[in-house]
Structure formats: structure tokens, C-alpha cells
Amino acid sequence: MDRIADMLTIINNAQVVQKKQISVPYSEFKFRIAELLLKEGYVLGVDRKGRVPSKKIIIDLKYKENGTPMITKVRKVSKQGQRIYKTSSEIKPVKSGYGISIVSTSKGVMSNKEARRNKVGGEIICEIW
């Protein structure tokens, strides 16, 4: 089972029904993705709760003034059976710059804009717009 895809599905489904907050099981990689969403302005807050056996990531979802969700769609690019790797020059803007790609690089998890700026490639995890 792909735990990253589960997290992205939970976020996408929660935004559709306009939930204010969600919790997903903790992993360091998922926490880095959530922090990136916070940094890029797609969520309001990210926090860790609990101890090791039941540790959770609490994500406060963000909506525009008219009530539409900040995240309208999440598309998983790399899958368990097929990983997609791109060099920095091959990483393209998402939705003409209105969205982001989350890239797992040797220097950590970053957006497509950061990866191009730092001239590093890596695995394209997903696209968010």
C-alpha cells in the first residue's frame, strides 16, 4: 500500500467536503510533504501529535474567501510500481505556474520551483493545483 497516496487522498477528499482539520499517521517523509504544503500556502497549519505507536500529523486545511478549497486536485505522479525521476531541466511548471510538483531530491523534499532554482532533480512525487 502506498502511504503517501493515502495521505494525498485524505487531503483531497477532506477539501471536497470542506473539513477544517485532518489527521494522518506520522512518518518523517509525510511530515516534510505537509511542511512544504504549509510553506507554499496550501494549508494553514501542520503539527505532530502523540507518541510513537499512535503518532499523527494534524493538518489545518485552507480555503479561499468564497469557500473554495486551496487544493482543487492532487495527482500522484510516481507510483509504487513506476517511479518517475526528472533532472532539474526536465521539471516543468504545473498548470502554467498555478500549481506545484513535490520533488524528493538528494537535498530533501522541495517544490518544482525550488528544485529548478537549486539545479537538482529527483523523484516527482505528485502535482498539486
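Every number in this text was worked out from the coordinates using simple rules, so none of it is lab data. This structure is a prediction, so every number in the text was calculated from the model and none was measured. Every residue, glycine among them, receives a Cβ derived from its backbone with ideal geometry; neighbour counts consider all protein chains shown.
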For the range 50-94 versus the range 12-39, the gap between their alpha-carbon centres in whole angstrom: 8 Å
Starting with the highest mean, order 66-76, 100-110, 114-124 by the number of other Cβ atoms within 10 Å, averaged over the residues of each peptide. 100-110, 114-124, 66-76
Can you give me the distance in nm between label points at Arg32 and Val16, each placed 7 Å from the Cα along the Cα-to-Cβ direction? 2.9 nm
Would you mind checking the tilt of helix 3-16 against the longest principal axis of the Cα atoms of the chain, expressed as 0 to 90 degrees and rounded to 10? 60 degrees
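What is the sum of charges around Asp2, taking Lys and Arg as +1, Asp and Glu as -1, for the other residues whose C-beta is under 14 Å from the C-beta of Asp2?
Value of the local net charge: +4.
If you keep only loop residues by DSSP, which trypsin sites (Lys or Arg not before Pro) in the range 8-51 have at most 13 other Cβ atoms within 10 Å of their Cβ? Let's see the in-between values first.
Numbers: sites: Lys19, Lys20, Lys30, Arg32, Lys39, Arg48, Lys49, Arg51; in loops: Lys19, Lys20, Arg51.
Those that pass, being in a loop and sparsely packed, are Lys20, Arg51.
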Find how much the distance from Asp47 to Lys64 grows on full extension, using 0.36 nm per residue of separation minus their present alpha carbon separation; answer in nm with one decimal. 4.0 nm
On the Cα set of the range 1-95, report Rg and Dmax in Å, please. 14.3, 41
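Out of the chymotrypsin sites (Phe, Trp or Tyr not before Pro) in the range 63-102, which ones are loop residues according to DSSP with at most 14 other C-beta atoms within 10 Å? Provide the component values of the computation, followed by the final result.
Values: sites: Tyr63, Tyr85, Tyr98; in loops: Tyr98.
Hits after loop and neighbour filter: Tyr98.
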For the range 74-128, averaging the sequence separation of alpha carbon pairs under 8 Å that lie six or more residues apart and dividing by its residue count, the contact order in percent is 48 percent
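Would you order Val17, Val94 from fewest to most other beta-carbon atoms within 10 Å of each residue's own beta-carbon?
Values: Val17 7, Val94 21.
Lowest to highest Cβ neighbour count: Val17, Val94.
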To the nearest 10 degrees, the tilt of helix 28-39 (Cα long axis) against the first principal axis of the alpha carbons of the chain is 90 degrees
